[in-house]
Amino acid sequence: PEETVTSSFASFIHAVRPEHLSKTVCHRSKRMILDSIGVGLVGSTTHVFDIALQYCRLYSSVAVSSVYGKPGVKLSPTLAAFTNGVATHSMDFDDTWHPATHPSGAVLPALLAASQMLPPSTKPNGMDFLLAFNVGLEVQGRLMHFSTEAHNIPKRFHPPSVVGTMGSAAATAKLLSLSTAQCAHALGIAASLAGAPMANAATQAKPLHIGNATRLGFEAALLAARGMEANPLILDDIAGCSGFSAFYSIYQPKPLSTPNDHHEFLLEKQDIAFKRFPAHLGMHWVVDAALSVRNLFINYAGSFSPSLIRTIVLKIPVSKYINRPFPISEHQARHSFQFNACTALLDGEVGLSSFTESSIHRQELRELLDKVVVEHPEDNVANFDKMYGEVALLLHSGDVLTGKCDTFYGHWRKPLSKESLLKKFRSNASHVLPEGKIENIITMVDNLENLSDSSQL
């Protein structure tokens, strides 16, 4: 039969082998796995995670899969994936790729839960796990590259709720050793389970997008394994009958070549962004710009004195859901250019404690927010590869101090060092785990390809 885009993806998922993973891909994906586990662990301390866990424990009949941050608590595999996915995005602290999505959180929880679900005789080893994780990343990245719309900060739907669901289906299909036909059906089923509107950004519902993506993709693979079928052309652009193209106004799919001796994964060419503090990725530009101008201000005035500031000008791209002048909740604050810039100016840093209720409602912070004016320069586009953040302080004296950031520390053009990534992981994990277990996880992930049973992770 003639090859289709969908069949090419299914063939790739089924045929790709561990030897196709380069040293660079293994290194980068292990960094992603470690960071995502740490983010999930600290996320297990949040209120939205508690809600998700309470819900899932109502339905947990086959409790075999572990939950982040809750020793002794187990759920059914798909609900464990859902709960851990919620934890991963509960603080908006998880990694971000380009085109824009959060790739790890949509894949890793499903693979962790599936590894524990499988019987001892069929447990995947660490290399199987690493390969399946990269299959999930690859499918997400390829699908996003089919649309120019996907390159910009989203307006209609949250990308991981769409491509993340497909990536989870692909990753678990690989881990479960599904046939080529079953892999195609898993993608088709996942497409019917995908999607979430951007209107729920900056609310407690947004972490559900990651939880649902990893859970529903997992369920799609399980359904396909049991014989459920779906449209075998789900990824193809068929006139008059939308498949995956329903999510994008411009959609130009291309076949994914079956790997023979070599396959270059997208992660080889496009590194990932790791966040230094728990907020929307766009905030990292304005925070670094604000910290830069804060240093100039201290050199100018001897200390940071808000009373000397008449106006704070933020030059940012147009993106409605992260332009929030006066956020009143932690989730709104994580999605507010204004809040993050002013917090960085006031405190000299942004961290976990910045988003507590007491920090959000400080009078001195409100007074700074009152001084903010937003501008949208035409050259500052809503694209994580091209945007910049600029913070200008207009002083009562008439002087103007300006800080600008076009590449923050942690961006794929300026990756976190090994030391910085480990510092973040240790800090996050320490909220729920003792030091010994934290170091065990670091060692296990660093040597993942040598792990005989990935369920140990």
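Between the stretch 1-59 and the stretch 425-453, what is the C-alpha centre distance in whole Å? Comparing the Cα centres of the stretch 1-59 and the stretch 425-453, I get a distance of 17 Å.
What shape does the stretch 47-201 take by its C-alpha gyration tensor, where a ≥ b ≥ c are the square roots of the eigenvalues and a/c under 1.5 counts as rounded, a/b above b/c as prolate, and the rest as oblate? Here the stretch 47-201 falls in the oblate category. Given a 1.4 Å probe and every protein chain left where it sits, what share in percent of the accessible area of the stretch 281-405 is carbon and sulfur? Roughly 48 percent, rounded to a whole number.
Magnitude of the charge dipole for the chain, about its Cα centre and with charges confined to Cβ atoms of Lys, Arg (+1) and Asp, Glu (-1), is about 660 debye.
Modelled label positions at residue 57 and residue 417, each set 7 Å beyond Cα in the direction of Cβ, lie 4.3 nm from each other. For the stretch 15-54, the percent of C-alpha pairs falling in each 10 Å distance bin, counted from 0 to the bin holding the largest distance, reads 25, 31, 23, 20, 2. Give the shape of the stretch 281-405 as rounded, prolate or oblate, defined through the alpha-carbon gyration tensor: a ≥ b ≥ c are the square roots of its eigenvalues, a/c under 1.5 means rounded, and otherwise the shape is prolate if a/b is larger than b/c and oblate if not. Judged from the Cα gyration tensor, the stretch 281-405 comes out oblate (a/c at least 1.5, b/c at or above a/b). The accessible area of residue 97, taken with all protein chains in place and a 1.4 Å probe, comes to roughly 0 Å².
With the simple spin-label model, which puts each label point 7 Å out from Cα in the Cβ direction, the residue 426 to residue 254 separation comes to 4.3 nm. A 1.4 Å probe, protein heavy atoms only, puts the accessible area of residue 439 near 60 Å². Helix 206-225 axis versus longest C-alpha principal axis of the chain: approximately 10°, rounded to the nearest ten. Per residue, the chain exposes 39 Å² of accessible surface when a 1.4 Å probe is rolled over the protein heavy atoms with every protein chain present. Within the assembled protein chains, the solvent-accessible surface assigned to residue 419 is about 130 Å², based on a 1.4 Å probe. Residues 262, 280 ordered from highest to lowest accessible area at a 1.4 Å probe: 262, 280.
Over the stretch 335-449, the Kirkwood radius and the radius of gyration, each from Cα atoms, give a ratio Rg/Rh of 1.07.
Figure legend: label point modelled 7 angstrom from the Cα of residue 364 along Cα→Cβ; residues of the stretch 264-294 with amide N under 20 Å from it are 287-288, 290-294. Straight-line cross-link reach from residue 155 at under 12 Å between alpha-carbon atoms covers no aspartates and glutamates, not counting any fewer than eight positions away in the same chain. Summary of the geometry: the stretch 292-313 and the stretch 72-102, compared by the centres of their Cα atoms, lie 39 Å apart.
Once the Cα atoms are used to define both axes, helix 126-144 deviates from the longest principal axis of the chain by about 70 degrees. Counting only other residues whose beta carbon sits under 13 Å from that of residue 256, what net charge do I get with K and R as +1, D and E as -1? Local net charge: -2. Accessible-area rank, largest first, for 179, 8, 430: 430, 179, 8, with all protein chains present and a 1.4 angstrom probe. With all protein chains in place and ligands, DNA and RNA left out, the 1.4 Å accessible area ranks 233, 393 as 233, 393, largest first.
Per-residue ellipticity at 222 nm from helix content only, as computed over the chain with -39500 (n - 2.57) for each DSSP H run of at least four residues, stands at -13500 deg cm²/dmol. For residue 23, a cut-off of 26 angstrom between C-alpha atoms picks up these lysines, skipping any fewer than 8 places away in its own chain: 123, 174, 269, 275, 414, 418, 423, 424. In the frame of its principal axes, the chain has Cα extents of 74, 52, 41 Å, reported largest first. Other residues within the sphere of radius under 13 Å centred on the Cβ of residue 348, judged by their own Cβ, net out at -2 (K and R +1, D and E -1).
The values are calculated or read from the model by the stated rules, or taken from the named source; none is laboratory data. Note that the structure is a prediction, hence the values are computed from the model and not measured. Cβ coordinates were reconstructed from backbone atoms using ideal geometry, including for glycine residues, and neighbour counts include every protein chain displayed. Ligands, DNA and RNA are excluded from the accessible area calculation, which covers all protein heavy atoms including side chains. Shrake-Rupley method; radii C 1.70, N 1.55, O 1.52, S 1.80 Å.
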